[in-house]
1. More than 18 Å from Val74 (Cα to Cα) and not aromatic (Phe, Trp, Tyr): is that true of Thr37 in this structure?
2. Being under 23 Å from Leu13 (Cβ atoms) and among the small types (Gly, Ala, Ser), is that true of even one residue in region 110-124?
3. Criterion first (at pLDDT 95 or above and more than 17 Å from Ala18 (Cβ to Cβ)) does Gln110 satisfy it?
4. Can you find a residue that is touching a Pro at 6+ places or on another chain (Cβ under 7 Å), open to solvent by 50 Å² or more (accessible area, probe 1.4 Å) and more than 20 Å from Met1 (Cβ to Cβ) anywhere in region 35-49?
5. Which number in (1) touching a residue at least 24 places away in the same chain (Cβ under 8 Å); (2) open to solvent by less than 80 Å² (accessible area, probe 1.4 Å) marks the one condition that Ser12 misses?
Amino acid sequence: MAAVGLKTTQYSLLANVARGALPVAELAERLGMERTTLTRNLKPLADAGWVATRAGADSRQRIVTITESGQEKVGEAYLVWCGAQQAFEQLVGRDAVRALHTQLETTLVQLTPLIEDLNHAHPD
């Protein structure tokens, strides 16, 4: 991602915002992070002109949207991401990559209740 001026976390965030405008709280939940962390991570993307926020249904709600230049950046980064994925698959093998994905998905399913409990116990 460095080749296109992004960190991998920034690419992930941009790609998620590109799927559709969402309130900050909903995007944070989808990404499994606190709103304050998300807001901090969105700042450099907003400063670069790749995302924008606008008022939501009430004045307290902020909706995150991707800009045209943000769409272009996601497209540019996607090509780099695909290349990295192909190189990784060639290095370790397709079966190993599939097994890794399966294990990650299983682990996330197992951790989701714990994460939700922690979020409810320690809201922002």
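The values are calculated or read from the model by the stated rules, or taken from the named source; none is laboratory data. Keep in mind the model is a prediction, meaning the values are calculated, not measured. Every residue, glycine as well, gets a Cβ built from its backbone with ideal geometry; the counts of neighbours run over all protein chains shown. Areas reflect the complete protein model, heavy atoms only, side chains present, ligands, DNA and RNA absent. Shrake-Rupley method; radii C 1.70, N 1.55, O 1.52, S 1.80 Å.
1. Values: more than 18 Å from Val74 (Cα to Cα): yes; not aromatic (Phe, Trp, Tyr): yes.
In short, yes.
2. No, every residue in region 110-124 fails to be under 23 Å from Leu13 (Cβ atoms) and among the small types (Gly, Ala, Ser).
3. Numbers: at pLDDT 95 or above: no; more than 17 Å from Ala18 (Cβ to Cβ): yes.
No.
4. No, region 35-49 has no match at all.
5. It is condition (1) that Ser12 fails.
Condition check ((1) without any contact (Cβ under 8 Å) to a residue 24 or more places away in the chain; (2) touching a Lys or Arg at 6+ places or on another chain (Cβ under 6 Å); (3) open to solvent by 70 Å² or more (accessible area, probe 1.4 Å); (4) over 18 Å from Leu13 (Cβ atoms)) across all residues:
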| site | (1), (2), (3), (4) |
| --- | --- |
| Gln61 | no, no, no, yes |
| Glu72 | yes, no, yes, no |
| Ala77 | no, no, no, no |
| Trp81 | no, no, yes, no |
| Glu89 | yes, no, no, yes |
| Val92 | yes, no, no, yes |
| Ala96 | yes, no, no, yes |
| Gln103 | yes, no, yes, yes |
| Thr107 | yes, no, no, yes |
